[in-house]
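Asks: Let me begin by handing over the structure; questions about it come next.
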Amino acid sequence: MNDGLDRFRAHLFHDERLGVWLDTSRVRWTADFLDGLEPRLQAAYEAMAALERGAIANADEGRMVGHYWLRAPELAPDPAIRDAITTTLGRVLTFAEDVHAARIRPERASRFRDVLLIGIGGSALGPQLVSAALTSPADRMSVWFFDNTDPDGFDRTLDAIGDALPGTLAVVISKSGGTKETRNGMLEAEAAYARLGLDFAKHAVVVTGEGSELDKHAVARGFLDRFPMWDWVGGRTSELSAVGLLPAALQGLDVEDMLRGARAMDEVTRSRVTKRNPAAQLAAAWLSATGGAGKKDMVLLPYKDRLELFSRYAQQLVMESLGKRLDRQGREVWQGISVYGNKGSTDQHAYVQQLRDGVDNFFVTFLEVLLDRAPQRGDLSVEPGVTSGDYLSGFLQGTRRALDERGRASITITLEALDATSLGALIALYERAVGIYAELVDINAYHQPGVEAGKKAAQAVIDLEQRVLAGLRAKAGTALSLAEVAAAAGSDDPETVFWILRHLSANPRRGVLRVRGQGAEAEVGSPLDWSWMIAAAP
Ligand SMILES: O=P(O)(O)OC[C@H]1O[C@](O)(CO)[C@@H](O)[C@@H]1O
């Protein structure tokens, strides 16, 4: 009698067609856990089916949740949606073909060879994951990213693109069309093209909601093309809309395989037989590991360099979906599961020490890919009869075992190979697991009210900065105390004024202004007692 083996046998899911395995045997749930959960799982299956039929599953925003239709348009509740999905896919493929064949060409260079994707959050993370996971020497184009509003980050990426900018196609992605980081990235890119005497519009396309600010800008400026983003697709589940399909198709990846993989996973994860439904098992395993209350963090450990960005992708998918203050009944629940991780075995040499010996506040999800490398690359032995891939597999198994010995939970997802199909399937698996988990804990997984507070506060800082500058300008040449600057700016928040002044003083606007903070700390006690003035331009 081997308890471990029996357990492994009992909790090992395999789908041959998908080439996917799921092992939940090391979650250590009690034998009756799944049985006890079954009525709630059945309710979750019904809710997911209603969602797929077009229910207003995102009640707060009054929206349908339709990412599953993207790979099965025939399921969409409305013919106009079906048509929009298929038409857009066709347009994406044709556009990419036209770019590859240089039928769509840049202003000066002979053809587009690079893509600069400008987006953030759900408008960048999926494309970043897919691009890194599936890149190969057969790529038709290289893909670069602006995914922040860090000026030095822009410069670094532009430096890396270098002389290739005239042959670079900018793909600006924003569902809302009003995200400041993306707007700033677009303006920075536009300026970079302009410095070369190039018209950005002749090198740019957008993916955005119809009628958004960005959409109007693209129309007004005459961008090369526009692709739609719909209100029934959430940013974090948009990889299989034009958001992800367009950059992937431009890179030369097989987007139809990606859709096929997701579709096949959807078919399996629609099952109402829990034993046959890997998304339900995954969600149940999360529930068991976290107590359904986020008590443990999800550590994602792909033993595959190409999947290193999976944890960043899943971080948004899981945390933006599940991190909610209120449940659907309006009760305060402070839900969520924290997600982190990079890749194995690299992380074994970083934080796995704590996972085995330290605080037990996590569960690991190992991601394994059976095919070590493309067969034509050979099978070099690093020791007699042993390959690097054997080590990778050995390290995964070793860590799984070492954690289990300490009673630390783990899940393992195994893919036979990593390609467009299996990546599409993996994305669909996590999308559905998140949906089911949200049903189990009764929260709306499809809104993100919490991100608004930070955006509003940031805008208030930008507005205050303008008033600070106006106040300083009005008294140019005079040294002002922090309280005087705040008063001149009409602000009762000197701390924020201090942050603004400190930042301004480090970043003089060339030829326009220089803000200087003065004062000897030793004498006056605190930088908050410095005096500030606007000095002549440097
Ligand atoms: O695609 P958009 O509208 O620019 O939004 C980007 C991201 O910002 C968020 O709204 C959060 O601020 C995400 O949900 C979204 O993926």
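Coordinate-derived values only; no laboratory data. Computed from a predicted model, the values in this text were never measured in an experiment. Virtual Cβ from ideal backbone geometry, glycine too; neighbours counted across all protein chains shown.
Asks: Select from the range 19-56 the residues that are part of a loop (DSSP other than H, G, I, E, B), over 26 Å from the mean Cα position of the chain (by Cα) and either of a type outside the set (Gly, Ala, Ser) or under 26 Å from His67 (Cα atoms) (or both) and list them in ascending order.
Replies: Initially, the range 19-56 is screened for residues part of a loop (DSSP other than H, G, I, E, B), giving 19, 24, 28-32, 54-56.
Those left that are additionally over 26 Å from the mean Cα position of the chain (by Cα): 28-32.
Scanning the range 19-56 gives Arg28, Trp29, Thr30, Asp32.
Asks: Residue check: is Lys324 surrounded by fewer than 18 Cβ atoms within 10 Å (Cβ to Cβ) and either part of a loop (DSSP other than H, G, I, E, B) or not small (Gly, Ala, Ser) (or both)? Don't jump to the end; show me each part of the working.
Replies: On the way: surrounded by fewer than 18 Cβ atoms within 10 Å (Cβ to Cβ): no; either part of a loop (DSSP other than H, G, I, E, B) or not small (Gly, Ala, Ser) (or both): yes.
No: the conditions fail for Lys324.
Asks: If I filter the range 134-162 down to residues being among the small types (Gly, Ala, Ser) and out of contact with any Asp or Glu (no Cβ under 9 Å at 6 or more places or on another chain), which single residue comes out as nearest to Ser422 (Cα to Cα)? Walk me through how you get there before you give the answer.
Replies: To start, the set of residues in the range 134-162 that are among the small types (Gly, Ala, Ser) comprises 136, 138, 142, 153, 160, 162.
Checking the rest, the ones that are also out of contact with any Asp or Glu (no Cβ under 9 Å at 6 or more places or on another chain) come to 136, 138, 160, 162.
On the way: Ser136: 16, Ala138: 19, Ala160: 31, Gly162: 34 Å.
Taking the candidates together, the pick is Ser136.
Asks: Take the conditions surrounded by fewer than 19 Cβ atoms within 10 Å (Cβ to Cβ) and more than 15 Å from the ligand (Cβ to nearest atom) and apply them to Gly222. Does it pass?
Replies: On the way: surrounded by fewer than 19 Cβ atoms within 10 Å (Cβ to Cβ): yes; more than 15 Å from the ligand (Cβ to nearest atom): yes.
Criteria met by Gly222.
Asks: Something else about it: Where residues in the range 113-136 are small (Gly, Ala, Ser) and within 16 Å of the ligand (Cβ to nearest atom), which of them is surrounded by the fewest Cβ atoms within 10 Å (Cβ to Cβ)?
Replies: The first filter runs over the range 113-136 and keeps only residues small (Gly, Ala, Ser), leaving 119, 121-124, 126, 131-133, 136.
Pick out the ones that are also within 16 Å of the ligand (Cβ to nearest atom) and you get 119, 121-124, 126.
Numbers: Gly119: 30, Gly121: 21, Gly122: 27, Ser123: 28, Ala124: 28, Gly126: 29.
By that ranking, first place goes to Gly121.
Asks: Which one of the conditions (1) within 24 Å of Val219 (Cα to Cα); (2) not in a strand (DSSP E or B) does Leu116 fail to meet, given that it meets all the rest?
Replies: Looking at each condition in turn, Leu116 falls short on (2).
Asks: With the requirement that a residue be within 19 Å of Gly294 (Cα to Cα), within 23 Å of the chain's Cα centre (by Cα) and not in a loop (DSSP other than H, G, I, E, B), what does the range 327-365 give you?
Replies: Val339, Tyr340, Phe362, Phe363, Val364, Thr365
Asks: Looking at the range 291-321 only, could you name the residues that are assigned to a helix (DSSP H, G or I) and over 22 Å from His447 (Cα atoms)?
Replies: Narrowing the range 291-321 to residues assigned to a helix (DSSP H, G or I): 305-307, 310-321.
Result: Asp305, Arg306, Leu307.
Asks: Consider Asp139 carefully, then state whether it is within 16 Å of the ligand (Cβ to nearest atom), within 27 Å of Lys343 (Cα to Cα) and among the acidic types (Asp, Glu). Reasoning before the result, please.
Replies: Values: within 16 Å of the ligand (Cβ to nearest atom): no; within 27 Å of Lys343 (Cα to Cα): yes; among the acidic types (Asp, Glu): yes.
For Asp139, the condition - within 16 Å of the ligand (Cβ to nearest atom), within 27 Å of Lys343 (Cα to Cα) and among the acidic types (Asp, Glu) - is not met.
Asks: For Glu239, which of the numbered conditions (1) charged (D, E, K, R); (2) without any contact (Cβ under 8 Å) to a residue 12 or more places away in the chain; (3) within 14 Å of the ligand (Cβ to nearest atom) fails to hold?
Replies: Every condition holds for Glu239 apart from (2).
Asks: Based on what the data block shows, is Gly197 buried (at least 24 other Cβ atoms within 10 Å of the Cβ), of a type outside the set (A, V, I, L, M) and more than 16 Å from the ligand (Cβ to nearest atom)? Give the steps one after another, and end with the answer.
Replies: Working: buried (at least 24 other Cβ atoms within 10 Å of the Cβ): no; of a type outside the set (A, V, I, L, M): yes; more than 16 Å from the ligand (Cβ to nearest atom): yes.
Against the criterion (buried (at least 24 other Cβ atoms within 10 Å of the Cβ), of a type outside the set (A, V, I, L, M) and more than 16 Å from the ligand (Cβ to nearest atom)), Gly197 does not qualify.
Asks: I want to confirm something. Restricting to the range 401-458 and keeping residues that are under 23 Å from Asn361 (Cα atoms) and among the aromatic types (Phe, Trp, Tyr), which single residue is nearest to the ligand (Cβ to nearest atom)?
Replies: Tyr430
Asks: Out of curiosity, is Ser212 on the phi < 0 side of the Ramachandran plot, under 16 Å from the mean Cα position of the chain (by Cα) and not acidic (Asp, Glu)? Write out each step before concluding.
Replies: Working: on the phi < 0 side of the Ramachandran plot: yes; under 16 Å from the mean Cα position of the chain (by Cα): no; not acidic (Asp, Glu): yes.
It is false that Ser212 is on the phi < 0 side of the Ramachandran plot, under 16 Å from the mean Cα position of the chain (by Cα) and not acidic (Asp, Glu).
Asks: Could you tell me whether any residue of the range 90-107 is crowded, with 21+ Cβ neighbours inside 10 Å, assigned to a loop (DSSP other than H, G, I, E, B) and under 17 Å from the mean Cα position of the chain (by Cα)?
Replies: First, the residues of the range 90-107 that are crowded, with 21+ Cβ neighbours inside 10 Å: 92, 95-96, 99, 106.
Imposing the further condition that a residue be assigned to a loop (DSSP other than H, G, I, E, B) reduces the set to 106.
Keeping just the survivors that are under 17 Å from the mean Cα position of the chain (by Cα) gives none.
Within the range 90-107 (the criterion being crowded, with 21+ Cβ neighbours inside 10 Å, assigned to a loop (DSSP other than H, G, I, E, B) and under 17 Å from the mean Cα position of the chain (by Cα)), the answer is no, since none of the residues qualifies.
Asks: May I pose another question? So which of Thr157, Thr149, Thr179 ends up being of a type in the set (S, T, N, Q), more than 13 Å from the ligand (Cβ to nearest atom), within 22 Å of the chain's Cα centre (by Cα) and on the phi < 0 side of the Ramachandran plot?
Replies: Numbers: Thr149 fails: more than 13 Å from the ligand (Cβ to nearest atom); Thr179 fails: more than 13 Å from the ligand (Cβ to nearest atom).
Criteria check complete, one pass: Thr157.
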